[in-house]
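Working notes, beginning with the structure itself.
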Amino acid sequence: MRVMKQREGQFIILAVLMIAIMMVSLGAVLYSAVTYYKRERWEEYLGVIDHVKISCYRLVEISLANYTLTDDTNVLEDNLIRWQSDLKKVYPGFGIVLNYYDSWLARQWYSNVSFSGANVTFTMNITSVGITGYEFTVSAFLQVKLLEAVYDSREKTWTILLAVYREELMPVTNLQGSSFSVKLDGLQTDFSVARYYNGTYNTFVYQLLCSGIQRAPTTTMVNVTDSRGIKVVASYPPA
């Protein structure tokens, strides 16, 4: 009889242990499912934020490119208003509200140091998850520096050295010959392009070599258009 009671007690203890293990396991599974769901949803919203930011960068770049090609001062404002409306269609149900301020387009051309630039500061709300006041600034910029121009009377060449920079004054190193055009004394001129690092100026430079030049030109004008379509016109001496 004592053996039977002892076995019965052991069975009850074993059953309790099994139930406890099952409860712990079930809790772990439920916790894992809930945290996975939360993580997946937050990753989705973070993906939306990144996509909106990238699209805003591209919008500002396109607007600046259009401005430098058409001189349309309203192009940035028009594109921003359209983008605010389109976002609600792209992400229905998210409650995305995009606002902006400090928006401008600017250019300073026809100097040995010339630039084109744009800037917009955005604030974004995603009301479906309570995200409010998320702020970021987008800038687009292209600068051209005419470093020097030298005439070789023996070779009949006019050599132009220039440096090109984008946002945060990062050197632009991927321009091709088609990115440039040159006018000497107002006349379109053929040229060849070489790219290299110049230790004298401590920067990456483009060398534009104009051949068959009978005398040193009075004015030099270089038109530069980068891969984004943003244009800058630099000249020497300044117009």
Conditions first: (1) closer than 30 Å to Asp72 by Cβ; (2) modelled with pLDDT of 95 or more; (3) touching a strand residue (DSSP E or B) at 6+ places or on another chain (Cβ under 9 Å). Tyr197 passes all but one, so which condition is the exception?
(1)
Looking at Leu98, Leu80 in this structure, which one is in contact with a strand residue (DSSP E or B) (Cβ under 6 Å, 6 or more places away or on another chain), closer than 30 Å to Thr225 by Cα, among the hydrophobic types (A, V, I, L, M, F, W, C) and surrounded by 18 or more Cβ atoms within 10 Å (Cβ to Cβ)?
Leu80
Residue list for the range 211-221, restricted to those being part of a loop (DSSP other than H, G, I, E, B) and among the hydrophobic types (A, V, I, L, M, F, W, C):
Ile213, Ala216
Can you tell me which residues in the range 196-210 are in a strand (DSSP E or B) and surrounded by 11 or more Cβ atoms within 10 Å (Cβ to Cβ)?
Tyr197, Asn198, Thr203, Phe204, Val205, Tyr206, Gln207, Leu208, Leu209, Cys210
Among the numbered criteria (1) farther than 25 Å from Lys145 by Cβ; (2) of a type in the set (A, V, I, L, M); (3) more than 18 Å from the chain's Cα centre (by Cα), which one does Val113 miss?
(1)
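Any residue at all in the range 167-183 that is assigned to a loop (DSSP other than H, G, I, E, B), touching a residue at least 40 places away in the same chain (Cβ under 8 Å), surrounded by 12 or more Cβ atoms within 10 Å (Cβ to Cβ) and under 27 Å from the mean Cα position of the chain (by Cα)? Don't jump to the end; show me each part of the working.
Initially, the range 167-183 is screened for residues assigned to a loop (DSSP other than H, G, I, E, B), giving 170, 172-176.
Still in the list and also touching a residue at least 40 places away in the same chain (Cβ under 8 Å): 172, 174-175.
Okay, now just the ones that are also surrounded by 12 or more Cβ atoms within 10 Å (Cβ to Cβ), so 172, 175.
Filter once more, keeping what is under 27 Å from the mean Cα position of the chain (by Cα): 172, 175.
There is at least one residue in the range 167-183 that is assigned to a loop (DSSP other than H, G, I, E, B), touching a residue at least 40 places away in the same chain (Cβ under 8 Å), surrounded by 12 or more Cβ atoms within 10 Å (Cβ to Cβ) and under 27 Å from the mean Cα position of the chain (by Cα).
Yes or no, residue by residue, for (1) outside the structural domain of Tyr201 (by TED's automatic domain parsing); (2) of a type in the set (Asp, Glu); (3) touching a helix residue (DSSP H, G or I) at 6+ places or on another chain (Cβ under 9 Å):
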| site | (1), (2), (3) |
| --- | --- |
| Arg107 | yes, no, yes |
| Val129 | yes, no, yes |
| Gly133 | yes, no, no |
| Thr137 | yes, no, no |
| Asp152 | no, yes, no |
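The values are calculated or read from the model by the stated rules, or taken from the named source; none is laboratory data. A quick note: this is a predicted structure, and the numbers were derived from the prediction, not measured. Positions of Cβ are backbone-derived with ideal geometry, glycine not excepted, and every protein chain shown enters the neighbour counts.
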